[in-house]
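Colleague: Here it is: the structure, laid out below.
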There are 4 protein chains.
Amino acid sequence: MASFDSVDFHQKALQLCAYGQICYQNGWSPATSSNYSIRLNRDCCALTSSGKHKGRLKPEDILVVDMQGNELTEGKPSAETLLHTQLYQHDANIGAVLHTHSPNSVLMSHITKQDYLHIEGWELLKAIEGINTHETSIDIPIFDNTQNIEALAKEVDTLMAQQTVYAYLIRGHGIYTWGQNIEECFRHLEALESLMHYELTLLKLG
Amino acid sequence: MASFDSVDFHQKALQLCAYGQICYQNGWSPATSSNYSIRLNRDCCALTSSGKHKGRLKPEDILVVDMQGNELTEGKPSAETLLHTQLYQHDANIGAVLHTHSPNSVLMSHITKQDYLHIEGWELLKAIEGINTHETSIDIPIFDNTQNIEALAKEVDTLMAQQTVYAYLIRGHGIYTWGQNIEECFRHLEALESLMHYELTLLKLG
Amino acid sequence: MASFDSVDFHQKALQLCAYGQICYQNGWSPATSSNYSIRLNRDCCALTSSGKHKGRLKPEDILVVDMQGNELTEGKPSAETLLHTQLYQHDANIGAVLHTHSPNSVLMSHITKQDYLHIEGWELLKAIEGINTHETSIDIPIFDNTQNIEALAKEVDTLMAQQTVYAYLIRGHGIYTWGQNIEECFRHLEALESLMHYELTLLKLG
Amino acid sequence: MASFDSVDFHQKALQLCAYGQICYQNGWSPATSSNYSIRLNRDCCALTSSGKHKGRLKPEDILVVDMQGNELTEGKPSAETLLHTQLYQHDANIGAVLHTHSPNSVLMSHITKQDYLHIEGWELLKAIEGINTHETSIDIPIFDNTQNIEALAKEVDTLMAQQTVYAYLIRGHGIYTWGQNIEECFRHLEALESLMHYELTLLKLG
């Protein structure tokens, strides 16, 4: 059975509370939506419990799940737990995952008819790890929304085996992004929010 | 005559002050507009006094009214008191009511020519109690604005006897929403604000 | 020569500092723009000095001017001082004046080709003193921008002698509003900001 | 070799931290983007290190560089250091430089097809040092984005030798602005943000 260090868990739970407050204040996690996690080790991660106000998270609102989504501490894991564990299992370098319902991600995924959002030529692309020039583009995959999370996790896994994926959208639902640690993950989220805002504004301008 | 527990009243008055501050900071209650209430028991509720700055409510700005809208403590009940008591009388499960003048609710109710706002397919619908999938839709009734609150309360009552109503809009005026308690009520309000923001943005995109 | 109570001046200077902070945080007074005043008595008022950061006003940034715009305490009166004193001289009931460069007022005054902004049918009109129903309309005069403040003050005075004026706009510049005291004045400003936001959004929707 | 006063450096480092927090909270410096500097003397300036969260700058995130961009204290100078030192070398009156990735500057520079952004007739132009009337216009140069900062610095220098330049944009990237000191520089930035917001809104209105 997966084990973890309780001091490490407590510290990462506090980090999730702090980032929840930031995401909530940014309007990205309204009405108890969203879920966030940080890897504890190869076998388990700290994850937000389902249904909590994301701007007022307390350490007791964070639980530990193993990479199959079984809870190792008390709490009700998010229905979307497997979308977090898929990422940790797929790539050992992923240390944190933020999923939000930001208006930009909900709207851009709804409006875009293709199965990816193409973003090209903006300086802020360089905020994403591994990108060193604005003279590039990224395609953010868009998956149709579903209540079958297990099936969606498999779809994500298949796509990530085929191409470099920096983040993905779920249509009319929100964004998943990640990084080596929570700071990098949040930097990616902030950059993608700005990039989606640019694209949405261009659409408004027709 | 209706009676109430004064400690319970004081605690709920403090909650109304706190939620007033949040609603005001969100821009939903400008210029002393809006009114909020929490049920005390079968016979009465705590309600904001008329004409107060909603971001700076103090416990003395909250009064108790019975379900006919008569004040049981000092204060000037809102002109819209009967829209609160109608809800408490109609459904014993309703424990809190938030009415705001948020820009999204004012604008969507003005723009929408039908007598309901149709919202469909967004993940955030699941933040509303009783909805478990995004593959659904809700119709938010829109009533024409009036200064005859008693007549409007009857209209609302009639409609709620005929169909499931999660919230309603008053045209060019604002939104009424409710829940079993103030936390659920606010979650509904946040979700509806997000959903109306999505719909308004789609209208801007043409 | 006009005289004033120094304790009264100090209290009103503190109020102007507090409202400056609110207006700045709302984005209505960027880049040291805007000026605010409160009447001290029949003969003079407290007024913000020119060129100060409106979010960080200190009591020493407020001075006293008489109703001809002469300074009675140290400080550099705003170039627009006469637009404040015109209002106090015109109507003994006016106790406070807020002038801001809010984006809504700058844009609506620029876009509107007529010499008034017509606002009709919104519930929030009732936040303006003397209006008791949404079934009404107001016309906010729009004056062309000028650096000749004395001439503009006369134009305003002439118009106010002819019709009820709740506030006015200066094209591409900002809004002037007032009330019996600073609280009412700010309520009017908040209401007008909301009303202009509604109108601007309708224009965006085409 | 360039020398500097360490107390002066520490005070200016604290100022850069404070302005970083403001720029970040305004949404102008997301995802560790942006860089800011204050002149120390003829030969060197205090500058933000590369890759830091701009809302949480600490004094140790600020370093000193000479006017050729060599670091005189520990830290990793921004890749865009030469765009700061070009300004200090070009004009002895420039005391501070703020470069941000604000959405308004990114979008207006992307949308505008000419090599300058023309801004005319707004009262807030008067917030820029040397402008005393709204009956004027300014042209903000727009340079194409590049990763060759040395070449861009020369382009800027050449243009500034030919015409009065109040600020410049880099396409899809951000804005550079400056002033005699950090307060004036920030006032310019706030004014330009407002002016770009006006112009962007007019484009949305078609």
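Colleague: Taking H as built 1.01 Å from N, whose amide H comes closer than 5 Å to the amide H of D:Leu72, not counting residues under 5 places away?
Modeller: It is D:Val64, D:Val65, D:Asp66, by chain and number.
Colleague: Every other copy gets compared here: list the nm distances from the D:Asp8 label point (7 Å along Cα to Cβ) to its counterparts, shortest first, one decimal.
Modeller: 4.9, 4.9, 7.0
Colleague: Mind putting a number on the dipole of the protein assembly as shown about its Cα centre? Charges go on the C-beta only, +1 for Lys and Arg and -1 for Asp and Glu, and I need it in Debye to the nearest 20.
Modeller: Dipole magnitude for the protein assembly as shown comes out near 280 debye.
Colleague: Under the Karplus relation 6.51 cos²θ - 1.76 cosθ + 1.60, θ = phi - 60°, what is the ordered set of whole-Hz ³J(HN,Hα) values for region A:173-186, x standing for Gly and Pro?
Modeller: Result, rounded to whole Hz: 10, x, 10, 10, 9, 8, x, 5, 8, 5, 5, 5, 4, 5.
Colleague: Provide the descending list of Cα extents for region D:1-140 along its principal axes, expressed in whole angstroms.
Modeller: Principal-axis extents of the Cα atoms in region D:1-140, largest first: 45, 32, 24 Å.
Colleague: Classify region D:58-138 as rounded, prolate or oblate, taking a ≥ b ≥ c as the square roots of the eigenvalues of its Cα gyration tensor: rounded when a/c is under 1.5, otherwise prolate if a/b is larger than b/c and oblate if not.
Modeller: prolate
Colleague: Assuming a ≥ b ≥ c are the square roots of the Cα gyration tensor eigenvalues, decide whether the protein assembly as shown counts as rounded (a/c under 1.5), prolate (otherwise, with a/b larger than b/c) or oblate.
Modeller: oblate
Colleague: I've got another one for you. Whose amide H sits under 5 Å from the amide H of B:Ile142, counting only residues 5 or more places off or on another chain, with H placed in the peptide plane?
Modeller: B:Tyr116, B:Leu117, B:Leu169
Colleague: Considering Cα pairs under 8 angstrom that are at least six residues apart, work out the relative contact order of region A:107-195 and quote it in whole percent.
Modeller: Relative contact order, region A:107-195: 30 percent.
Colleague: Given C:Ser29, C:Ser3, C:Leu63, which one lies farthest toward the positive end of the charge dipole of chain C, if we put +1 on the Cβ of every Lys and Arg and -1 on the Cβ of every Asp and Glu?
Modeller: In chain C, that residue is C:Ser29.
Colleague: Now, a different point. Which whole number gives the average, over all residues in A:27-34, of C-beta atoms from other chains lying within 10 Å of the residue C-beta?
Modeller: Across the residues of A:27-34, the mean count of other-chain Cβ atoms within 10 Å is 6.
Colleague: State, to one decimal in nm, how far the label point of D:Asp144 lies from the label point of B:Gln147, with both points 7 Å from Cα in the Cβ direction.
Modeller: Computed distance between label sites D:Asp144 and B:Gln147 equals 6.4 nm.
Colleague: Find every distance from the label point of B:Gln25 to the corresponding label point in the other copies (7 Å from Cα along Cα→Cβ) and write them in nm, one decimal, shortest first.
Modeller: Label-point distances to the other copies, shortest first: 0.8, 0.9, 1.2 nm.
Colleague: Right, here's the next one. Explain nothing, just compute: Karplus ³J(HN,Hα) = 6.51 cos²θ - 1.76 cosθ + 1.60, θ = phi - 60°, for every residue of region D:194-204 in order, whole Hz, x for Gly and Pro.
Modeller: Each residue's phi maps through the Karplus curve to give 5, 4, 5, 4, 4, 5, 5, 5, 4, 5, 4 Hz.
Colleague: What percent do you get for the relative contact order of chain A when only Cα pairs under 8 Å and 6+ apart count?
Modeller: About 19 percent, as a whole number.
Colleague: Take a quick pass over region C:1-127 and tell me how many lysine pairs come in under 28 angstrom between Cα atoms, counting only ones 8 or more apart or on separate chains.
Modeller: So the count of such lysine pairs works out to 9.
Colleague: Additional query: Between region B:4-23 and region C:1-52, what is the C-alpha centre distance in whole Å?
Modeller: Their Cα centres are 34 Å away from one another.
Colleague: Moving to a separate point now. With a/c under 1.5 counting as rounded, go ahead and sort region C:89-136 into rounded, prolate or oblate using the C-alpha gyration tensor (a ≥ b ≥ c being the square roots of the eigenvalues; past the cut-off, prolate if a/b is larger than b/c, else oblate).
Modeller: Oblate, since a/c reaches 1.5 and b/c is not below a/b.
Colleague: Another question about this same structure. If you draw the axis that swings chain A onto chain D, which residue of A has its Cβ closest to it, and how far is that in whole Å?
Modeller: Minimum Cβ distance to the axis, with residue: A:Lys204, 4.
Colleague: Right, here's the next one. Could you list which residues have their amide H under 5 Å from that of A:Gly179, counting only those 5 or more apart in sequence or on another chain, with H placed in the peptide plane?
Modeller: HN-HN under 5 Å from A:Gly179: A:Gly95, A:Ala96, A:Cys185.
Colleague: Same structure, new question: Distance from the Cα centre of region C:77-107 to that of region C:124-172, in angstrom?
Modeller: So the separation of the two Cα centres works out to 11 Å.
Colleague: At C:Pro59, label 7 Å along Cα→Cβ: distances to the other copies, nm, ascending?
Modeller: For C:Pro59, the inter-copy label distances come out at 3.2, 3.2, 4.5 nm.
Values in this text are rule-based calculations from the coordinates and carry no lab data. Just so you know, these numbers come straight off a predicted model, no measurement behind them. A quick note on method: Cβ atoms are made from the backbone with ideal geometry, for glycine too, and the neighbour counts reach across all protein chains shown.
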